[in-house]
Amino acid sequence: MRILALDDEEDALEVLVSAITACQPDADVKGFNSPTEALEYAEQNQMDIAFLDVRMPGITGLDVAKKLKKINPKINIIFSTGFSEFASDAFSIHASGYLMKPITTKDVRKELDNLRNPVEKPKKRVYIRTFGNFELFVDGETIHFSRKPAKELLAYLVDRKGSAVTRRELCDVLLQDAAFTRKSQDYLTKIVKELQKALEEVKAADIVNLDRSEYSVIPDNFDCDAYDYLKGMPDAFNNFYGEYMSQYPWAEKSIQQFYK
């Protein structure tokens, strides 16, 4: 999601950008004090949403909105102002919303949850399902692993959400070998190689970091129902029925995070 914020007052712009970022931490938010610079940026980068101050010297937010609409007819315009008399003019150009200053995070969240033109999240090639049984999908197809431990290894890394996991931890959790013996380490090496091979075959090796001493997933390179749920995405809420990676006993410790 790409969001443009425009206000000629530096302090007001800082408050606005901060509120937007708090509501959409994954969004690409660009703040501007200059209408000209904002429009130049929008011409080179398609924006999904624009928060515009109405009253600015030289050119008004209404004028900027009209120009943005010509660049991208589907852009969501949300005006911010301390003057309510501009509301009728704002909605005459089919604005998505209208905020009265001082801007609050609560007000921004309400507008983002009720956009005139909903912003579709670009889908990635790789989708990981954790609700119910754990499954990996690439280009819509279910990926089958020749060795179940390789799949479980990926599941555990997904559960850790990008945090680095040591070989000792993996041997303890997946192989139930707290002693960290040579035999378990050699077996873990085979599992890691099998996971790497399976992902390379479907050109999805970029979703993991399989370093020799620490392992992790790279969340930015795939979509995941659990991650979407924790970000507060409505569709993810509808897919959770109280089960999380049901085939793995160790996953029971993580399920409480979805009830907070």
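No lab work stands behind these numbers, since they all come straight from the coordinates. Quick caveat: nothing in here was measured; it's all calculated off a predicted structure. Here the Cβ is made from the backbone with ideal geometry for all residues, glycine too, and neighbour counts use every protein chain on show.
As a length-normalised measure over Cα pairs under 8 Å and 6 or more apart, the relative contact order of the chain settles at 15 percent. Checking the a/c ratio against 1.5 first, then a/b against b/c, what shape does the Cα gyration tensor give for region 2-112? Rounded, because the longest to shortest axis ratio a/c is under 1.5. Taking the Cβ of Leu153 as the centre, find all other residues whose Cβ is under 12 Å away and add up their charges (Lys, Arg: +1; Asp, Glu: -1). Around Leu153, the surrounding residues sum to +3. For region 1-63, rounded, prolate or oblate, judged on the Cα gyration tensor with a ≥ b ≥ c (square roots of eigenvalues), a/c < 1.5 rounded, else prolate if a/b > b/c? Cα axes put region 1-63 in the oblate bin.
May I ask for the net charge around Lys203, where only other residues with Cβ less than 14 Å from the Cβ of Lys203 are counted and Lys, Arg are +1 while Asp, Glu are -1? It works out to a net charge of -2. Considering only Gln176, Tyr259, Val126, the residue lying farthest towards the positive end of the dipole of region 126-259 is Gln176, judged by Cα position with unit charges set on Cβ.
Reported to the nearest whole Å, the Cα centre-to-centre distance from region 223-260 to region 1-57 is 33.
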